[in-house]
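One structure below.
The values are calculated or read from the model by the stated rules, or taken from the named source; none is laboratory data. Everything numeric here is computed off the predicted structure, so don't read it as measured data. Note: ideal-geometry Cβ built from the backbone for every residue, glycine included; neighbour counts use all protein chains shown.
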Amino acid sequence: MKKLIKESGIRDINNIAKRYKKAKIYFHQDLDGVTTALAMKYYLEQHGINVVDAEVIQYGEKEFAIKKMDANGDVMPILVDFAHGRGMFVIHTDHHDTQAGVEKDTATSFKSSRSNVETISQSVSPKEIFPSEDIMLISTVDSANYAVNDITPEMVMNYLFKFDKDSSLKQNKILMGLVTNKLLLAFKNKPDFLETLVMECKPSLLNILLTIKRIIEEKGYAKPEDLVKNQEIYVQQMKSHPNVKVEDGIIVQYGGGNMMKPGSYDRYTPFKNNPDADFIVIAWPLGLVQASCNPFKKDRTLKGVNLGEIKDEVLSKWESQLKNKYVTLSTIKWVSESGKQFGEESVGFTFKDFNALYGKSYENVERGDELLNIIENAMLKPFTSLTEKEMELLDDVQVNVWDLIQANSGGHKCITNISGLNYIGRSTRPPKGKYKYNNESEDSPYVKFTKMVQNEFVRVLRSKVNESQEGLDENYIKTNTTELLRDRISKKKVTKKFIIEDGKNVNKPFIYRKQGKHDNSPGLNIKYLTPKEETTGYVNILDYENSKLIDSDIPRFEKNSDKFCKFNCKKDHFNTKNTLYLYDLRVLDEYQGNGYGKKLMNKCHQISKDNGYKYVSLIADCDNVPAQNLYKNLGYKLHQTDGKKDFYFKEL
């Protein structure tokens, strides 16, 4: 029984394998979902568990349309890359910041990361499942971290891949992975398409691409060349579409236009058509408002603008009204089970789902525990099977609209959404006959409110962008040490001794592993801050001798200097007296592409030169193209290389 595997976690997979010999994987409807399911499949099979089936799960109505399974049966239900859990799942993995609906006896693996497949393939599994370059591409796609990797909308939207002999192998792999993602999305709604990929593919993007091409031919799906034509027509139509306009660098859009032809729609079409735009705010007829920054733009005006905070400010305008309006449990169940995919075998929207999403925020009109049990049992039935008496009982359980929207919305600095608006203005029963809204002649109440929210979001966003531009200080850089040291840094009274010794007390955003005699970095930690004191990135300046204890690559290069050396190979050419070492340059994802790395490096050069040092040095991965380009543009020269890592230096 499932309850015998309490809090087991995937680390106790051997115990789970004793209970289940078969499994079914439910996965999210995108590239990370498919690849995570594939990685989980291979991981389970290593432990003698045979994956016999897979099924797509998607947020919204589709979430409650998946087929029922019993964890007490012979086949183990598993959920991957999805934030909303259910009681039936034995194993649940996800990489988002928060999860809901997860019961205590579910074995979980929740780790905030760029992609869920990264966790399963590189952390959960004892050996790597997907190649590391595939993981990097999948994570880039899932996080939309395109600008830092010089990926354009044209590359992301491309359906055709042909090996380019004039490009590097890495660049060809990136283009191949992007085409794989694009074709996967083009056919994701085809019956059993994604499930077939999970059940038949090997864990590699190349194998997934080849399998997709085989399925296209076998099923007679639209050819990639036809998808390209449909996309070109769609892109042109959206350039002059009446529901798309650009105001002060903000794309304002309602709906997705005509998306009927296969391969036509792409979420990045607005940025392809308007590459100079910084943001998009799009409203959807299903009661959803989405906002995001332009992930392709390196110099976007993002400083001081937080889309997650704007979401909260926008909703606060209607807080008092929304808290005084209520939605009944009967309405929520009706809307949740109204999707086309919903059937007799679907799991449905149960009281456990209701409780997981809204917790104690719902209200019950003075009903006892006995009556609550009746409601819970009624919720196990499909909405269409409820009696009028049962519906009346569900009418007594209510959630205020404010809590409902808050529970369904989320996001962060660069992307956010306001969801759950489709519950506003609903009756307690599905409308019939003359009471149905005619979408051709008028908007329903929730669509009207959705457009109001979108307009308010655009207004607030525009004001935040203006405020940010007015208060922008391009030279606003500080070193974040103790308060005493901060003052000394700002006055540029930094000595060699200060950098080497006093820096041991630096407040760091991370902890170094113990290496040699040092528990932490003996250098300066420098941060670049926005005018609102938000950290955009950081780097450490270390004394050259101590850096050998922090980074083991330096002694290795010194030991093999004859073998690896390219320039300035004289013994002790770089030493404590003339050289500082730059370690662990980081720019946070949401700030990449804005020149903060360059600003941090220039600050390090200034500090080093002001204190009498002749050189600065660093080590970079050979395949880290963005970092390599940055260092070369800043005048760094190659000292040594082993083919995997490069040892650079710069003369000040």
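Brief remarks on what is shown
- Taking (1) of a type in the set (D, E, K, R); (2) in contact with a Leu (Cβ under 8 Å, 6 or more places away or on another chain); (3) modelled with pLDDT of 95 or more in turn, Glu195 satisfies each apart from (2).
- Only residues that are of a type in the set (Gly, Ala, Ser), within 30 Å of Ala277 (Cα to Cα) and assigned to a helix (DSSP H, G or I) were counted across region 121-148, and they come to 3.
- Applying the condition of being basic (Lys, Arg) and part of a helix (DSSP H, G or I) to region 324-357 and asking which residue is surrounded by the fewest Cβ atoms within 10 Å (Cβ to Cβ) yields Lys352.
- Any hit, region 198-205, residues being under 23 Å from the mean Cα position of the chain (by Cα) and assigned to a helix (DSSP H, G or I): yes
- The residue of region 257-273 that is nearest to Leu227 (Cα to Cα), among those that are of a type outside the set (Phe, Trp, Tyr) and crowded, with 19+ Cβ neighbours inside 10 Å, is Gly263.
- Of everything listed in (1) surrounded by 19 or more Cβ atoms within 10 Å (Cβ to Cβ); (2) within 21 Å of Asn273 (Cα to Cα); (3) within 27 Å of the chain's Cα centre (by Cα), the single unmet condition for Asn230 is (3).
- Screening Asp312, Asp278 for residues that are within 23 Å of the chain's Cα centre (by Cα), without any contact (Cβ under 8 Å) to a residue 12 or more places away in the chain and outside the structural domain of Asn455 (by TED's automatic domain parsing) leaves exactly one candidate, Asp312.
- If you filter region 195-228 down to residues that are touching a residue at least 60 places away in the same chain (Cβ under 8 Å) and of a type in the set (A, V, I, L, M), you find that the one that is farthest from Ala54 (Cα to Cα) is Val228.
- When the criteria are applied in full, Glu118 fails the requirement of being among the charged types (D, E, K, R), part of a helix (DSSP H, G or I) and in contact (Cβ under 8 Å) with a residue 24 or more places away in the chain.
- Single unsatisfied condition, Gln253 versus (1) free of Cβ contacts under 8 Å to residues at least 60 places away in the same chain; (2) surrounded by fewer than 19 Cβ atoms within 10 Å (Cβ to Cβ): (2)
- For region 237-263, the tally of residues that are modelled with pLDDT of 95 or more and of a type in the set (Ser, Thr, Tyr) stands at 1.
- Filter result (within 28 Å of the chain's Cα centre (by Cα) and within 16 Å of Ile424 (Cα to Cα)) within region 333-357: Val335, Ser336
- Being part of a helix (DSSP H, G or I) and either farther than 20 Å from Leu286 by Cβ or without any contact (Cβ under 8 Å) to a residue 40 or more places away in the chain (or both) is a property that holds for Ile233.
- Meets criteria (assigned to a loop (DSSP other than H, G, I, E, B), acidic (Asp, Glu) and at pLDDT below 90) for Asp299: yes
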